[in-house]
Amino acid sequence: MLGSNGGLAQVAPSVLYPATGKVVRLLQSYSASRPVVSADGRYAAYIDFHLAGCLRCGDITVKNLGTGATELVSVSAAGAPSRTGRNGLAAISADGRHVAFVSNGTDLVAGATTVRWRVYVRDLDSKRTQLVSSDATDPSLFRRTGNLG
């Protein structure tokens, strides 16, 4: 699709919501990246660069495709948005309850002090984040599958 300036037009990231068969826009802007949808089709997890306020950080966000409600996943141990590193490569469980992501932040769980890429899983029901991997220096080691078993 060509934009009015002759270049390619940007399209805000969207996903199909199976319950209605309609396409749901994740954000009104173009700041959502790499969306993955839960197996039941109710939730989408994605990287949101708009919330982070910087192009390097990225916040992991989950959107309920039926209600439109969003929840920030990449939060510090204190419950505030994580701002000590970069977050990315989200995956979501079949029912949308658990979201895994990689981060090199140091404020996601108590005691994380090294700036290395690690895998975290956030339980959206209990509002708890767990470190589930050891240190890694290269985020490409984590293959993006999109869904957690």
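Observations
- Per the listing ASP40, ASP107, the residue uniquely under 20 Å from TYR17 (Cβ atoms), in a loop (DSSP other than H, G, I, E, B) and not β-branched (Val, Ile, Thr) is ASP40.
- Residue in the stretch 63-84 that is part of a loop (DSSP other than H, G, I, E, B), surrounded by fewer than 20 Cβ atoms within 10 Å (Cβ to Cβ), charged (D, E, K, R) and at pLDDT 90 or above present: no
- Residue within the stretch 26-37 that is at pLDDT 75 or above, aromatic (Phe, Trp, Tyr) and either crowded, with 18+ Cβ neighbours inside 10 Å or farther than 25 Å from ARG128 by Cα (or both) present: no
- Some residue of the stretch 122-135 being touching a Leu at 6+ places or on another chain (Cβ under 7 Å), within 14 Å of TYR46 (Cα to Cα) and at pLDDT 90 or above: no
The values are calculated or read from the model by the stated rules, or taken from the named source; none is laboratory data. In this text the structure is predicted, and so the values were computed from the model without any measurement. Here the Cβ is made from the backbone with ideal geometry for all residues, glycine too, and neighbour counts use every protein chain on show.
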